[in-house]
Amino acid sequence: MINTAGSNNMMSPSSSSAAGNSAQSPGLKTYFKTPEGRYKLQYEKTHPSGLLHYAHGKTVTQVTLAHLKDKPMQAPSQSSSSLGVSSGVRSAAARLLGGGNGSRTISFVGGNGGSKTVSGSSSNRIGSLGASSSNIVMSNSNFDGKGTYLVFNVGDAIFISDLNSQDKDPIKSIHFSNSNPVCHAFHPDAKDGHDLLIGLHSGDVYSVSLRQQLHDVGKKLVAAQHYNKDGSVNNTRCASIAWVPNGDGTFVVAHADGNLYVYEKSKDGSGDPSFPIIKDQTQFSVAHARYSKNPVARWHICQGSINGISFSADGAYIATVGRDGYLRVFDYRNEQLICGGKSYYGALLCCAWSMDGKYILTGGEDDLVQVWSMDDRRVVAWGEGHNSWVSGVSFDSYWLAPNADGTGENVVYRFGSVGQDTQLLLWDLEMDEIVVPMRRPPGGSPTYSTGSQSSHWDSACPVGTLQPAPSMRDVPKISPLVAHRVHTEPLSGLIFTHESVLTVCREGHIKIWMRPGVNESQLSNSESLLSSSLKEKPLISGKAVNSIYKQ
């Protein structure tokens, strides 16, 4: 179901992006062309380079888009100390994190009502204050409790940035002493306030309130619920984590040993390692907890690591991709394997659903973007254009076909992919325009035809069948609409928003590319746009454009 703030001393979008490009991306263009216009680099987000942990190279940065809605009516507790900052939380945080020049002064009120001042040099960077005293909790009393943020992991820290600020440095850092954070997920409608999930390399999992983390100025998690503590249930790396759509506080965690665990926030967070031994590592199996504790269920998916998971928009299905090269699609509620198949070569690394639930994208070590059809339960197209492993895929549900007529016929899907070749590729998928290879007749040559996939291929395979890798000649090929080198380092993910495309490299640098026609006046309305655009738009019909814009 994707970072920086400071409301004062903001640079213009053009100057900010220019400064970022000259510092980090020499020789890279600040725009790329599409038939509908230019996507322009608006600004960049990153982390303080001087604070990288020695184990930074062992983790890959992922980014999560988090939209906080209006602040709840209940006021925060007054028992905790407060940080008095006249210019607001964003500028205060920027100063605390070393974003300004000169000295800083922090005023806070103790439990007895008396006040005192703490001064320090701006040379102190993120986390230098830390938890300065076990009996004092400093908080940002002026935090307004809403906004759109980027949550991303680098080394041993989680960083939080304001999406709508041009400042590059984050407004918040959370450091972990025992292990590195590797995956995270956000739920905008979480009922009890715990809306952010964080999975660690050690297997530990935390649920926290993003609002509470932003309100506190310390560098540690506050009011966190801890699951799988010290790997009591599973001590392998958290590979992926996700909220279950419409799941009422249920979430799943995939691990590097091929197991996926189901948790419920309403139940005890202490581990219950009472699951039976897996008798056949090659077979899918589900076991439920014997007691009313977390995790409530264990799904054994495959041998080797689960590399990515993705839920359909309605939460009915979950797709997984793994080190064994297989995509698997499950009926989540009935705990049943529906379909799946193998990559052309190597492991699959990422997957994503179309909003209508008809198609699944996968990418991996064969350098291909694969399009899977739920109707046909097989690969219906291969995207050729990357020169290395494909590390991130996503449908662009906000894009409208340039000549859409609204008839609902001949639907076009726009999607994107990023890879270790540092490229962002945009694709248009129009099933009626795909050249479909017919089955090769005995002793003859293959023939080709345009039209519906299902009319030319065999009937859908039986439920629960995992198909072998298809032959190269049997799968239609599509070419990218756009190919643009966006970073100097290998890419790890991308996110589409109403106004932009976000790309992130594995080293923790994020770029925000504004869509054609989006100007600065529109950016001021981005909060309401992002809030409403969390619900995907229906795809509009139109013709695909076949030309490639190579940057």
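The values are calculated or read from the model by the stated rules, or taken from the named source; none is laboratory data. In this text the structure is predicted, and so the values were computed from the model without any measurement. Please note: Cβ atoms are built from the backbone with ideal geometry, for glycine as well, and neighbour counts cover all protein chains shown. What goes into the accessible areas is simple: the full protein's heavy atoms, side chains included, and nothing from ligands, DNA or RNA. Shrake-Rupley method; radii C 1.70, N 1.55, O 1.52, S 1.80 Å.
Computed quantities for the displayed model
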{"read-out": "Residue ID - farthest from TRP427 (Cα to Cα), chosen from residues in the range 494-505 that are open to solvent by 10 Å² or more (accessible area, probe 1.4 Å) and within 16 Å of the chain's Cα centre (by Cα)", "value": "HIS498"}
{"read-out": "Any hit, the range 342-350, residues being outside any strand (DSSP E or B) and of a type outside the set (Ser, Thr, Tyr)", "value": "yes"}
{"read-out": "Answer residue from the range 375-391, given it is in a loop (DSSP other than H, G, I, E, B) and either touching a strand residue (DSSP E or B) at 6+ places or on another chain (Cβ under 7 Å) or open to solvent by 30 Å² or more (accessible area, probe 1.4 Å) (or both) and is nearest to SER240 (Cα to Cα) among those", "value": "TRP389"}
{"read-out": "Top-ranked residue in the range 483-493 [being assigned to a strand (DSSP E or B) and within 14 Å of LYS40 (Cα to Cα); ranked as most open to solvent (accessible area, probe 1.4 Å)]", "value": "ARG485"}
{"read-out": "Which listed residue is under 27 Å from the mean Cα position of the chain (by Cα), modelled with pLDDT under 90 and open to solvent by less than 70 Å² (accessible area, probe 1.4 Å), from GLY249, GLY271, GLY258", "value": "GLY271"}
{"read-out": "Matching residues in the range 298-328 - criterion: being touching a Leu at 6+ places or on another chain (Cβ under 9 Å) and of a type in the set (A, V, I, L, M)", "value": "ILE301, ILE306, ILE309, ILE318, ALA319, VAL321, LEU327"}
{"read-out": "Enumeration of residues in the range 225-237 that are open to solvent by 30 Å² or more (accessible area, probe 1.4 Å), within 13 Å of ASN178 (Cβ to Cβ) and part of a loop (DSSP other than H, G, I, E, B)", "value": "ASN235"}
{"read-out": "Which numbered condition TRP457 fails, given (1) in contact with a strand residue (DSSP E or B) (Cβ under 8 Å, 6 or more places away or on another chain); (2) farther than 30 Å from LEU28 by Cβ; (3) modelled with pLDDT of 55 or more", "value": "(3)"}
{"read-out": "Candidates LEU361, LEU349, filtered to the one that is open to solvent by 30 Å² or more (accessible area, probe 1.4 Å) and under 12 Å from GLY392 (Cα atoms)", "value": "LEU349"}
{"read-out": "So LYS220, is it over 18 Å from THR64 (Cβ atoms), surrounded by fewer than 21 Cβ atoms within 10 Å (Cβ to Cβ), over 23 Å from the mean Cα position of the chain (by Cα) and among the charged types (D, E, K, R)", "value": "no"}
{"read-out": "Filter result for GLY304 (modelled with pLDDT under 95 and among the small types (Gly, Ala, Ser))", "value": "yes"}
